[in-house]
1. What are the ³J(HN,Hα) values, in whole Hz, obtained from phi via the Karplus relation 6.51 cos²θ - 1.76 cosθ + 1.60 with θ = phi - 60°, for each residue of region 28-35 in sequence order, with x given for Gly and Pro?
2. 5 Å is the cut-off here: which amide hydrogens, built 1.01 Å from N in the peptide plane, fall below it relative to Q64, excluding neighbours closer than 5 in sequence?
3. Could you tell me the calculated FRET efficiency between L120 and Q64, based on Cβ-Cβ distance and R0 = 22 angstrom, to the nearest 0.05?
Amino acid sequence: MRIFALSMASAALAGGAFAAPVSYDFVASSPTYVGANDATSTTADTLFALGTITGTIVFDDVLQQQINPNLAAYNPAVLNIDGFDNAMFNLPSPTVRVANDAPGFGDVVSFSGGFGLGGLADGNYATFGFRVQDDDGTAWSNTSFPTVMNLADFESAVFQFRAFSITNLGQGAQDIVRERVDFTLTSLLRTGSTPPPIDVVPLPAGLPLMIGGLMAFGLLRRRG
């Protein structure tokens, strides 16, 4: 009975999709600039000034594409930063990528607001990205969306915020200024879709039930 219950609990917690959106509370701090930091005030600068950010990130395990055996794409995530106007991120969130034992990367969950110039015009833009990476490729065993992500399993865990401005687009002298601020994730706690507890009958209380069942089975044998 105990062994069976433990096996069921392990199956519920190890890998596999959770069949619904699931949210994580996060804390990220120690921002650093990567690349240029110009004098223009941007979304990246606003976040850098906060020093520490908190909020929620909601993942969805709906598979969009199995890109290859080591990489799958899932529905976009939704990011909410406490006390911050998310409308400043004015490009759509990209799909979430899940890698398993990918050469040179290991196990990764990531999305990154990279951009292409198609459809854009002169102006200012901002995107966000997320990345947790286990270099050893042992955090999970396939490209199914991980049931639980534990920071202790990863060598790196960051939020990336990019801001860029475009001028003279399509005139042969286009100018693109980029800024990027990286925050280190210090806490990532799942808040939804927790598997229900499994009721285990203690061994002393279960014994009479088992004995009664055996007796009933014996009576049926006799009547037969």
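Computed from the coordinates by the stated procedures, all read-outs in this text should not be read as laboratory data. Being a predicted model, the structure only gives us computed values, none of them experimental. As a convention, Cβ positions derive from the backbone with ideal geometry for all residues, glycine included, and neighbour counts pool all protein chains shown.
1. 9, 8, 6, x, 9, 7, 10, x
2. A73, Y74, N75
3. Numbers: r = 23 Å, r/R0 = 1.05.
According to the calculation, E is roughly 0.40.
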